[in-house]
1. Treat each spin label as a single point 7 Å out from the Cα along the C-beta direction, and report the residue 75 to residue 206 distance in nm.
2. I need the P(r) histogram for the chain: all alpha carbon pairs, bin width 5 Å from 0 out to the longest distance, whole percents.
3. When 10, 203 are ordered from fewest to most other Cβ atoms inside 10 Å of their Cβ, what list results?
4. May I ask you to derive the FRET efficiency for residue 3 and residue 39 from their Cβ-Cβ distance with R0 = 35 Å, giving the value to the nearest 0.05?
5. Can you list the residues of the range 160-182 with backbone N under 20 Å from a point 7 Å past the Cα of residue 196, pointing along Cα to Cβ?
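Quick note: the coordinates plus some simple rules give every number you see, no bench work behind them. For clarity, every value in this text was computed on a predicted model and none was experimentally measured. Positions of Cβ are backbone-derived with ideal geometry, glycine not excepted, and every protein chain shown enters the neighbour counts.
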């Protein structure tokens, strides 16, 4: 298990199940593998990596890697011990989750025309809140905000907007330490840097781990410039 410390972020390359029992965090906010065995390597009409937009200096691959662990049913049990938990894709493994009051909805379509992809994504939470909707356009090369295709490439096939993850952190009450055991390309970590939260991230895929490290380091540098 490789560990890097970058400012107020602790980043692990390896299997989260090997270290998660020893980790202390105020919240677990993550987009884990759903267990749906989706094949991102097949030729599809949508493009990947650098072809999605302007290169920002990171090693975004033109062909996606499949999500490690997505070929097996996902067990959320190891993550449920944390005080506050937000798990995107909870509708895919809802039978293994407790009943919940505060589901989150991310409206990705934002009144644009329908296509073959989901109009929204759902997150299970253990938060004592009513159901909430966050609207942020995110459809192929059409992405709102700083991650628009004109600004940067898309680094991960299931990448979440940094603004969405910032919203999650704020809904969770701005916890001091946030864990993402399935870090991917590091959007939760970047959100933590933007909000001056401590972050613990774990990622098994080496390529995505390196991208996450770079993105989180650059977010810290940008924050220091703004202070």
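1. Taking the simple label geometry, residue 75 and residue 206 are separated by 2.8 nm.
2. Calculated over all Cα pairs of the chain, the distribution is 1, 7, 15, 19, 23, 18, 12, 5, 1, 0 percent.
3. 10, 203
4. Working: r = 31 Å, r/R0 = 0.90.
For residue 3 and residue 39, the calculated efficiency is 0.65.
5. Correct set: 163, 165-179.
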